[in-house]
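Below you'll find the structure, written out as structure tokens, and then a few comments.
The values are calculated or read from the model by the stated rules, or taken from the named source; none is laboratory data. Since the structure is predicted, the reported quantities are computational estimates derived from the model, not experimental observations. Using ideal geometry, Cβ is built from the backbone for each residue, glycine included, and neighbour counts are taken over all protein chains shown. Ligands, DNA and RNA are excluded from the accessible area calculation, which covers all protein heavy atoms including side chains. Shrake-Rupley method; radii C 1.70, N 1.55, O 1.52, S 1.80 Å.
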Amino acid sequence: MEIKLDSSLCAAIPGFKAGIIHYKGIEVGDSPQMLRGRLQLFQESIYFDLEDQSVTERPGIQEWRQIFKAVGKDPNRYRHAAEALFRRIKKQNYLQPINSAIDLNNFFSLQYEVPIGLYDLDKLSGDIVIRIGASGEEYEGLNGRSNSLENLIISADDNGGFGSPFVDSTKANVIPGTTSALQIIYLRPSLPLDECNALTESLMNMFTQINGGEANFQVLGC
């Protein structure tokens, strides 16, 4: 499977970068108490920080809002996934445990203030391209509705879009029983390449510590 960045995306966001991690032989189940506890405590800490700070003042949140604006999406109407998590926490609508893969994904999205997608590789086909969605493209999202992909950054396989920093589709969601997965970290363009590599590797190592399996990573950049 080859993963590449589309030239139109690079033209719109010249510094665009994505951390790509492939996992195989993982076991997804209930999150260990350590992860559940850390996620809860981290959310409480963020809540208290947000008493004196707006969500959009967070550097990562603000940078990804600018990315949405650059590709033609109003960030006030289409909030990227990391911002949506922070807004939930500001309302004390804390994330509840889902499974050992999704919970860790959410934890790192909060920690790094960037959207992160996690997909079941066995539900994807062919090569993958990260690009800007075209007019008429849509998919059923995890938010429970049909979502237009026009002017959104999306990840697409041979059958079309399956993921986005806005909301992922129901097509390739990771559930107990998933054994192979693809993780896409929608990195901050301003982050230096060496920090992008360190961040991606750190996430990969924590994921395999909790979910087992083997993994390899790369950072793609324009």
Return yes when Gly29 is under 29 Å from Asp120 (Cβ atoms), open to solvent by less than 30 Å² (accessible area, probe 1.4 Å) and outside any loop (DSSP other than H, G, I, E, B) and no when it is not. no
How many residues, within segment 178-192, are outside any strand (DSSP E or B) and touching a residue at least 40 places away in the same chain (Cβ under 8 Å)? 7
Report, by residue number, each residue of segment 47-66 that is hydrophobic (A, V, I, L, M, F, W, C) and open to solvent by 10 Å² or more (accessible area, probe 1.4 Å). Phe48
Considering each residue of segment 58-80, count those that are of a type in the set (Lys, Arg) and touching a Ser or Thr at 6+ places or on another chain (Cβ under 8 Å), and give that number. 1
Sole residue being small (Gly, Ala, Ser) and open to solvent by 60 Å² or more (accessible area, probe 1.4 Å), chosen from Ala70, Ala82, Ala11: Ala11
Would you mind listing the strands (runs of 3 or more DSSP E) fully within segment 81-147 where at least 3 residues are farther than 21 Å from Met206 by Cβ? 128-132, 138-140
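Does Gly133 qualify as being open to solvent by less than 30 Å² (accessible area, probe 1.4 Å) and either of a type in the set (Gly, Ala, Ser) or touching a Cys at 6+ places or on another chain (Cβ under 7 Å) (or both)?
Taking the combined requirement at face value, the residue satisfies it.
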Are any residues in segment 198-222 open to solvent by 70 Å² or more (accessible area, probe 1.4 Å) and without any contact (Cβ under 8 Å) to a residue 60 or more places away in the chain, and if so, which ones? Glu201, Gln209
Need the failing condition index for Pro115 against (1) surrounded by 15 or more Cβ atoms within 10 Å (Cβ to Cβ); (2) over 12 Å from the mean Cα position of the chain (by Cα), just the number. (2)
Candidates Glu150, Glu195 - the one that is modelled with pLDDT of 95 or more, among the acidic types (Asp, Glu) and either open to solvent by less than 50 Å² (accessible area, probe 1.4 Å) or part of a loop (DSSP other than H, G, I, E, B) (or both): Glu150
